[in-house]
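K.L.:
Before anything else, here's the structure in question.
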Amino acid sequence: MLALPGVEFVGLKELPGHEDFVEPEETGQTFEANATIKALSYAEQTGLPCLADDSGLEVDALGGAPGVISSHYCTDGRETGMSRAERDAANNARLLRELEGVEPESRGARFVCVMVLANRGTGFQPVPLRPTPANMSPVNLHQRGTVHKTQGDLPHWHQHGATYFVTFRVQQGCLSPNERDVVLKSCLHWHRERALVHLVVVMPNHVHLLLSPLPKQTGWHELPEIMHSIKSFTANLINRMRETRIPLWQPEYYDRIVRDADEFGETWDYMLKNPVAAGLVAHWMHYHWIRGGEQERHRLEAGPTVQANTRGTFEGRLGLPGEVPRGENGFGYDPLFLVAPEFVRTSAELKPNEKNRLSHRGDAAVKMLDALRVLTARGPESPRP
């Protein structure tokens, strides 16, 4: 499916020194996150472009579960040393148990496969995957101090250990692309020194920041000092670029304490949608002035970057006990999965060629082949083995 002139695919075990490769921990909450973790890690370790995937089953009636823990659903995602056959049987038993009483038409499900291609060098710089409370700094989303309020033209809230959503605006006019580059770089400058800068979106006439000030030797770095540093530096530099001496930013900025992980996610999504809502791009991935501190640090260290990302699905529904499990040509949830649109055969009853053609992996692979054709046509910056 991925055959392409000039591109050769090899498995990790075919590479010299494969015994020393370190398998990365798949800590992501989505298939995209885990595929990206694997692709970036092995591209870093091998020095070669790496294509990795992550896949699993999503069941509508279970809110998308089992999802990323599909292989270990029976143990809530934990590896316990069970054999594959034992694990498959326990996973299937749990799934059927949790769907007990659900009517056939409400048992919709799909297998999902996400493929990610990572490569060293320049290229598309995607927005970092949204952090989760499990892999964020302990200071993030843990409100520790007393909340204090100060009042200027706008109210400001202060709490040591808090995460803030901040917006500040230009006084008049708009920032040019070069000026937005300056602002983006300045917003990321203090990442991991004075604050965790989770996400920055620099719009033509305003800036959104999602950040968590960090502790220092005595006390904490305060939001006002961070904002003063960003605004004063960018104002001075942009005025020199323009050969002017006028105020760049409005005197005040808007800030809000992010109270929990749900609000963090809502704020993250709101920030990403800004360029689309403003009609600047069709999709946030096409907007150049979006970045997070971890992504920028990774880029500056000349690490691998994501070059392509594809998602494939295989639609169906879960059969009722008694009519499933059936079939010998699959594993995992295949014997339970009735293939759409007829919902007569399970995916374990399909012949291998037919299953490959219809499957989520096949769908993702065909889309990845299109992406590879584009990348290999770009010239010397393209990923090549």
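K.L.:
So what is the relative contact order of the chain, in percent, for Cα pairs below 8 Å that sit 6 or more residues apart?
P.N.:
Answer for the chain is 21 percent.
K.L.:
Related question: Could you pull out every residue, at least 5 positions away or on a different chain, whose amide H is within less than 5 Å of the one on Gly292? Hs are placed 1.01 Å off N in the peptide plane, and Pro or chain starts have none.
P.N.:
Val200
K.L.:
Under the rule of at least 5 residues apart or a separate chain, name every residue whose amide H is placed under 5 Å from the amide H of Arg345.
P.N.:
Amide H neighbours of Arg345, under 5 Å, 5+ apart: Val339.
K.L.:
Express in whole angstrom the spacing between the alpha-carbon centres of the range 200-217 and the range 306-355.
P.N.:
Spelled out, the Cα-based centre of one part sits 45 Å from the other.
K.L.:
I want to verify a result. In a Gaussian network model of the chain, Cα cutoff 10 Å, which of these has the top mean-square fluctuation: Pro304, Pro341, Pro49?
P.N.:
Fluctuation is largest for Pro341.
K.L.:
Lysines within cross-link reach of Lys216: Cα-Cα under 30 Å, excluding same-chain residues under 8 positions apart?
P.N.:
Lys149, Lys185, Lys231
K.L.:
If you don't mind, another one. Counting helices only, and only those DSSP H runs with n ≥ 4, report the 222 nm mean residue ellipticity of the chain as the sum of -39,500 (n - 2.57) divided by its residues, in deg cm²/dmol to the nearest 500.
P.N.:
-9500 deg cm²/dmol
K.L.:
Normalised by the number of residues in the range 133-299, what is the relative contact order in percent for Cα pairs under 8 Å and 6+ residues apart?
P.N.:
Values: 267 pairs, mean separation 48.4, N = 167.
Relative contact order of the range 133-299: 29 percent.
K.L.:
Quick one: which residues, 5+ away or cross-chain, put their amide H under 5 Å from the amide H of Leu196? H built at 1.01 Å from N.
P.N.:
The list, which skips near neighbours in sequence, is Ser212, Leu214.
K.L.:
On a full-extension model of 0.36 nm per residue, what is the gain between Glu193 and Arg256, subtracting their alpha-carbon distance, rounded to one decimal in nm?
P.N.:
Numbers: separation 63, 0.36 × 63 = 22.68 nm, distance 2.15 nm.
Result for the pair: 20.5 nm of gain on full extension.
K.L.:
So, one more: What is the mean projected area of the alpha carbon convex hull for the range 133-299, to one decimal in square nanometres?
P.N.:
On the way: hull surface 41.1 nm².
The Cα convex hull of the range 133-299, projected and averaged over all directions, gives 10.3 nm².
K.L.:
So, one more: Can you compute 3J(HN,Hα) from phi for each residue in the range 346-352, using the Karplus curve 6.51 cos²θ - 1.76 cosθ + 1.60 with θ = phi - 60°, rounded to whole Hz and x for Gly and Pro?
P.N.:
Those phi angles translate into 7, 5, 6, 9, 6, 5, x Hz.
Rule-based calculations on the coordinates, nothing more; no lab input. Predicted model only: the values in this text are computed from it and were never measured.
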